[in-house]
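Below: the structure, in structure tokens.
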Protein chains: 2
Amino acid sequence: MLNICLVGCGGVGTIASIVLEKSKRAKVTAVLRSNYDLVSDKGFDVDSIDHGKLFGWKPSTIVRSLEDAAQGGPFDYVVVAMKALPDVYSVPDIIRPVVTPGVSAIVLIQNGLDIEIPLIEAFPECTIMSGVSHTGTRITGNFVYHEDREKLFIGAHYHSGLPKEKQTEATKLYVETYAAGGPTACTYAEDIIFYRWRKLFWNGAFNTLCTLTGLDVGSLQKGGGTETLLRPALLEIYEVTKAAGYTFPEDMVERTIRDTPPSSPFKPSMQVDLEKGNPLEIEPILGGLLNHAKELGVVTPILSTAYNVLKLVQWKLIQAKKSM
Amino acid sequence: MLNICLVGCGGVGTIASIVLEKSKRAKVTAVLRSNYDLVSDKGFDVDSIDHGKLFGWKPSTIVRSLEDAAQGGPFDYVVVAMKALPDVYSVPDIIRPVVTPGVSAIVLIQNGLDIEIPLIEAFPECTIMSGVSHTGTRITGNFVYHEDREKLFIGAHYHSGLPKEKQTEATKLYVETYAAGGPTACTYAEDIIFYRWRKLFWNGAFNTLCTLTGLDVGSLQKGGGTETLLRPALLEIYEVTKAAGYTFPEDMVERTIRDTPPSSPFKPSMQVDLEKGNPLEIEPILGGLLNHAKELGVVTPILSTAYNVLKLVQWKLIQAKKSM
């Protein structure tokens, strides 16, 4: 039986805990920092396209803090499903109490590029895996609505701290365990970075531009943004990926546009976060990409301007939280 | 006695009507489209740094529409103090009823570059003057608060439709009349376009970036925007002015930053308009500048991205108004 600690129990995290428990090969200790009392009392009510309706659902163990979770260690895997906000908090600092060097592998289910680097630096004796999740969930209080089927790619972000085989082995075991837990399409990815770049096409363009303009993905196009911002931003991303050695099909730009129709009223995650006054995932979605662009000498006028504007918006959000 | 029709009686327009009437050389017919009933009943209450406190103040004539105003014509001057929103309405179409070709001169007290062109096309037999106003006013209902002393530059936008001397003469007469009306620093400008470009430094950078980020002029700087956006945007403007043949002092960029301290909580006009859900002066403040940049081959990554984002924000504002 695998011993797993889950840090970040929002929509994506809660679904992960269901899958892992359903595998019958893992026991999950979930750390609920903001909603422990509510979930302890009522459990989660879940309406999931993958798992049906569950009422009062709880993982094996729920705890209030990382320190409480550490009592149940050592953990084979520490799964991080928090938002990736390196400009707001440090994931290594947060999870340190539940990581046993040499024993625990770390699984990041988060957006962005290069999110693994700080973890590798902090825990050089641990396998660091990351997952690219394509799904749609919303959480309100203890109710999780899961509307798009989960599609997950998981791979190791290889580093020299331990033998490659050990990293591959730990990754494959996690993928097998997850795949055993239900209908999720969980795929082992030898080159996870490829999938991270691929997801950046949509996120870097739609997520960024909808947040900047306050328009949903359809209105962005109906208002005339396809020619002025969307396609040019996607082309900037395409050029960065090419320079970074990831060659996507020629029509990647057009396909990304075509797959998101102008009739869709969908609001991307950063736009929703801005509307709620929550911090934005600017660093994983734009910061990493722009670091690569700079290094590789690719000009990104739209994305760089967007990044600098959103960093100021973030500054304001954080100031507002501080004064609350 | 000059016969003057004033179109647009917000803060700037109301102050202009006071100055012109105080000159004792002009009678003003003000067109009040949205607030006729209120002002007809109570007049304007004015608290002005230039003109003191005035209660129930009205110009010689107030009317409800351009058609009503036309009864009092022909006018020597038609003064336009509306916002410059060429993507929302057409100034030539609006003022046509009160313009007598060959007789009326038109005075635009508005932001922006090239705002005179559509007027020259529509009224080729009229002198077209424009004014760059540096002042600070706010209007709420019938109350006008005028906090910064008015500083006004007025010049003809010369065109080939009538002799240059006639255009100069009409302009000088207006400036003399205005100057006779009180403490306003009203200056005749032979090259008004220079002043229009000059005002664009502040407007193109601060007005644009505060609107994009939602930060006031001080916070924009305190949040780190000086290095990432403000100075680079000002440098883009500087390059465009240089290519356009207007050579400003080398330190124009630094001076524009220095003159607006990080301690200032001031919100520029477009930002206030956005907060109120009013259309934004994107075209006069950015559109004209970017047309010149394109023609002259100057790259403007920040300002072009800002323009395209704000055009989409404008599209949304206009959609929202339509559905009201």
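The values are calculated or read from the model by the stated rules, or taken from the named source; none is laboratory data. Keep in mind that this is a model prediction, so the values were computed, not measured. When we count neighbours, we look across all protein chains shown, and the Cβ atoms used for this are built from the backbone with ideal geometry, even at glycine.
Among the conditions (1) of a type outside the set (Asp, Glu); (2) part of a helix (DSSP H, G or I); (3) in contact (Cβ under 8 Å) with a residue 24 or more places away in the chain; (4) touching a strand residue (DSSP E or B) at 6+ places or on another chain (Cβ under 6 Å), the only one that B:Val175 does not satisfy is (3). The single residue among B:Val144, B:Val132, B:Val175 that is surrounded by 15 or more Cβ atoms within 10 Å (Cβ to Cβ) and either of a type in the set (Gly, Ala, Ser) or modelled with pLDDT of 95 or more (or both) turns out to be B:Val175. Here segment B:159-172 is the region considered, the condition is being surrounded by fewer than 18 Cβ atoms within 10 Å (Cβ to Cβ) and among the hydroxyl-bearing types (Ser, Thr, Tyr), and the residue that is nearest to the chain's Cα centre (by Cα) is B:Thr168. Any residue that is in contact with a Ser or Thr (Cβ under 6 Å, 6 or more places away or on another chain) and farther than 24 Å from A:Ile106 by Cα - is there at least one of those in segment A:146-168? There is at least one residue in segment A:146-168 that is in contact with a Ser or Thr (Cβ under 6 Å, 6 or more places away or on another chain) and farther than 24 Å from A:Ile106 by Cα.
Each row is one residue, and each column tells you yes or no for (1) surrounded by fewer than 22 Cβ atoms within 10 Å (Cβ to Cβ); (2) touching a residue at least 60 places away in the same chain (Cβ under 8 Å).
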residue: A:Pro92; (1), (2): yes, no
residue: A:Pro97; (1), (2): yes, no
residue: A:Leu108; (1), (2): no, no
residue: A:Pro118; (1), (2): yes, no
residue: A:Cys126; (1), (2): no, no
residue: A:Thr137; (1), (2): yes, yes
residue: A:Arg149; (1), (2): yes, yes
residue: A:Leu152; (1), (2): no, no
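Mind listing just one residue for me: the one in segment A:88-100 that is out of contact with any Gly (no Cβ under 8 Å at 6 or more places or on another chain) and part of a loop (DSSP other than H, G, I, E, B) and, of those, nearest to A:Pro124 (Cα to Cα)? Applying the filter and picking the extreme gives A:Val99. In segment B:219-260, the qualifying residues are those that are charged (D, E, K, R) and closer than 17 Å to B:Leu290 by Cα, and the one that is nearest to the other protein chains (Cβ to nearest Cβ) is B:Glu236.
Could you please give the count of residues in segment A:20-38 that are part of a helix (DSSP H, G or I) and either modelled with pLDDT under 95 or more than 20 Å from A:Ile95 (Cβ to Cβ) (or both)? Of the residues in segment A:20-38, 5 are part of a helix (DSSP H, G or I) and either modelled with pLDDT under 95 or more than 20 Å from A:Ile95 (Cβ to Cβ) (or both). For segment A:56-77, the condition of being under 19 Å from the mean Cα position of the chain (by Cα), in a strand (DSSP E or B) and of a type in the set (Gly, Ala, Ser) holds for none of the residues. Selection of segment B:287-324 for residues being away from chain A (no Cβ under 13 Å), within 20 Å of the chain's Cα centre (by Cα) and modelled with pLDDT of 95 or more yields B:Leu289, B:Asn291, B:His292.
Set side by side, the residues A:Ala156, A:Ala185, A:Ala180 differ, and just one is of a type in the set (A, V, I, L, M), under 20 Å from the mean Cα position of the chain (by Cα) and farther than 19 Å from A:Ile115 by Cβ, which is A:Ala185.
Among the residues of segment A:205-216, are any surrounded by 23 or more Cβ atoms within 10 Å (Cβ to Cβ) and within 12 Å of A:Leu289 (Cα to Cα)? Yes.
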